[in-house]
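Undergrad: Take this structure, written in structure tokens, and hold onto it; I'll ask about it next.
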Amino acid sequence: MIIPVYNEEACLASVLNDVKNSNLNTDVLVVNDGSTDNTSEIAKQAGVKVLDIPFNMGYGLAIQTGFRFATEYGYDFVITMDGDGQHDPSFAKNLIEAMHREEADVVIGSRFLERTYKMGIARRIGVWLFSKIARFYTGMKFTDPTSGFQLLKRRVFLYLSKGDNYPLDYPDVNIIMALYKMRFKVIEAPVRMFEKSKGKSMHSGLGPLIYIVRMFLAIIMVFLRKEE
Amino acid sequence: MALSVRIFIFMLGIVLFIMIFELVRKKKFREELSIVWLIIGVALIFSSFADRVIDPLAHKLGFGYPPALVFVIISFLLVLALLYFSIVVSDLKGKNKELSQKIALMEYKLSKLYQEKE
């Protein structure tokens, strides 16, 4: 299980405790994305594996570093989960079940399949728009493409761990579309998410307009780039 | 172009050129990156002599005031220079990414090795 964190000293201990109590029987890797607080120490005290990225480079890079770790140490599956306490690790079982049932390569935990979740109107429009585009391209409905709660098979994270196959900042429908293009089977499964209690989440700060323009560019690039 | 305008553009070009030349000499500016700016400086210097080309061309293109054409050309060169530096930054960011990931993974290995030793 990969947990990317940036200055999460307030939440991390309880998150790691939840993971421990969820009986998942998995190794836990905390990828510390250049935190300036005690995040790394807290993770090390909890006895999990810790990777320290020397400076803050972004959510996507932290995840990809985790993928590289998993590739190098021969893991067959990877679960990614946010370190700010918004994901409930006990729902990882849903993802695993869904993967077995549907023989999928990637399972994305969706908060919208289970119950509604509050977010800004501009962001909501963006999410709606890009899920339509993804639906048009893949023929499948993705209700929560930005979800950081995912389960991936080795051949998928092996692909994503290479070069620029994974973005520096936030993966979105563009990655789902790129995976579809690579003929991986991507599905969604319901999970419960908590609203972020404290601190700034990794999913905030980016202006919605810039987000929409950037995503359009990313999606166009998925269409234009040749398959490797 | 009026002589005063030509002298002014010429002086600007010279100042820019000398400034960049000095920065490179003092090793505060990498040679390969300075080339773009040196080209702009040289372009400024030459444009002050190039009224035989600039004046007729400006009239043909409909510029009422020939030096305006000089500044349009210089502006375009500046945009190219900025684009060049954006590409350099982009490339550096990619390398930075690789480095930071390698450091994180190697640090982990190193700490494991130390632990095993102890």
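Read the figures in this text as sums done on the coordinates, not as results from a lab. These figures come from a predicted structure and were not determined experimentally. Glycine gets a Cβ as well: all are built from the backbone with ideal geometry, and neighbour counts include every protein chain shown.
Undergrad: When only C-alpha pairs under 8 Å and at least 6 residues apart count, what is the relative contact order of the range A:2-224, in percent?
TA: Numbers: 376 pairs, mean separation 54.4, N = 223.
Once divided by the residue count of the range A:2-224, the mean separation gives 24 percent.
Undergrad: Looking only at other chains, what is the average number of their beta-carbon atoms within 10 angstrom of each beta-carbon in A:47-57? If you can, show how the numbers build up before the last one.
TA: Details: counts 0, 0, 3, 4, 6, 6, 7, 7, 4, 1, 7.
Shielding by partners across A:47-57 averages 4.
Undergrad: So for chain A, taking the charge dipole from beta-carbon charges (+1 Lys/Arg, -1 Asp/Glu), which of A:Val19, A:Gly148, A:Ile125 sits furthest toward the positive end?
TA: In chain A, that residue is A:Ile125.
Undergrad: For the range A:2-224, give me the percentage of DSSP beta bridges that are antiparallel, rounded to the nearest 5 percent. Spell out each step's value before the answer.
TA: Values: 8 of 23 bridges.
Of the beta bridges lying entirely in the range A:2-224, close to 35 percent run antiparallel.
Undergrad: For the peptides A:155-164, A:209-218, what is the packing order when you average, over each peptide's residues, the other Cβ atoms within 10 Å and list the highest mean first? Spell out each step's value before the answer.
TA: Details: A:155-164: 17.8, A:209-218: 14.5.
Output ranking for A:155-164, A:209-218: A:155-164, A:209-218.
Undergrad: In the neighborhood of A:Ala70, defined by Cβ-to-Cβ distances under 14 Å, what is the net charge if each Lys or Arg adds +1 and each Asp or Glu adds -1? The partial results should precede the final answer.
TA: Values: positive: A:Lys49, A:Arg68, A:Lys153, A:Arg154, A:Arg155, A:Lys162; negative: A:Asp27, A:Glu72, A:Asp76.
Summing Lys/Arg as +1 and Asp/Glu as -1 gives +3.
Undergrad: Excluding A:Phe216 itself, what net charge comes from residues whose Cβ is under 14 Å from its Cβ, given Lys and Arg +1 and Asp and Glu -1?
TA: Working: positive: A:Lys132, A:Arg214; negative: A:Asp172.
Charge balance in the 14 Å sphere: +1.
Undergrad: Evaluated at 20 °C with a viscosity of 1.002 mPa s, what Stokes-Einstein diffusion coefficient in µm²/s does the range A:2-224 have when Rh comes from the Kirkwood expression over alpha-carbon pairs?
TA: 122
Undergrad: Something else about it: Report, in listed order, any pair from A:Lys20/A:Lys132; A:Lys226/B:Lys112; A:Lys226/B:Lys93; B:Lys93/B:Lys117; B:Lys26/B:Lys93; B:Lys28/B:Lys95 with a Cα-Cα distance greater than 32 Å.
TA: On the way: A:Lys20/A:Lys132 37 Å; A:Lys226/B:Lys112 40 Å; A:Lys226/B:Lys93 23 Å; B:Lys93/B:Lys117 36 Å; B:Lys26/B:Lys93 26 Å; B:Lys28/B:Lys95 22 Å.
The answer is A:Lys20/A:Lys132; A:Lys226/B:Lys112; B:Lys93/B:Lys117.
Undergrad: Let me ask you something else. So how do B:Arg6, A:Arg68 line up by other beta-carbon neighbours within 10 Å, fewest first? Walk me through the numbers before you get to the answer.
TA: Working: B:Arg6 18, A:Arg68 21.
The most exposed by this proxy come first: B:Arg6, A:Arg68.
Undergrad: At q = 0.13, 0.19, 0.24 Å⁻¹, what log₁₀ I(q)/I(0) does a Debye calculation on the Cα points of the range B:13-118 give, no solvent, two decimals?
TA: Here the Debye-derived log intensity ratios amount to -0.68, -0.99, -1.20.
Undergrad: Which listed residue (B:Ser48, A:Ala104, B:Leu33) has the Cα farthest towards the positive end of the charge dipole for the protein assembly as shown, taking +1 on Lys and Arg C-beta and -1 on Asp and Glu C-beta about the Cα centre?
TA: Highest projection toward the positive end goes to B:Ser48.
Undergrad: Just counting partner chain Cβ atoms within 10 Å, what average do the residues of peptide A:126-135 show around their Cβ? Before the final figure, lay out each step's value.
TA: Details: counts 0, 0, 0, 0, 0, 0, 0, 0, 0, 0.
For peptide A:126-135, the averaged partner shielding equals 0.
Undergrad: Same structure again: Quick one: Karplus J couplings for the range A:164-175, per residue in order, coefficients 6.51, -1.76, 1.60, θ = phi - 60°, nearest Hz, x for Gly and Pro?
TA: Running phi through 6.51 cos²θ - 1.76 cosθ + 1.60 with θ = phi - 60° gives 9, 6, 10, x, 5, 9, 10, x, 8, 4, 4, 6 Hz.
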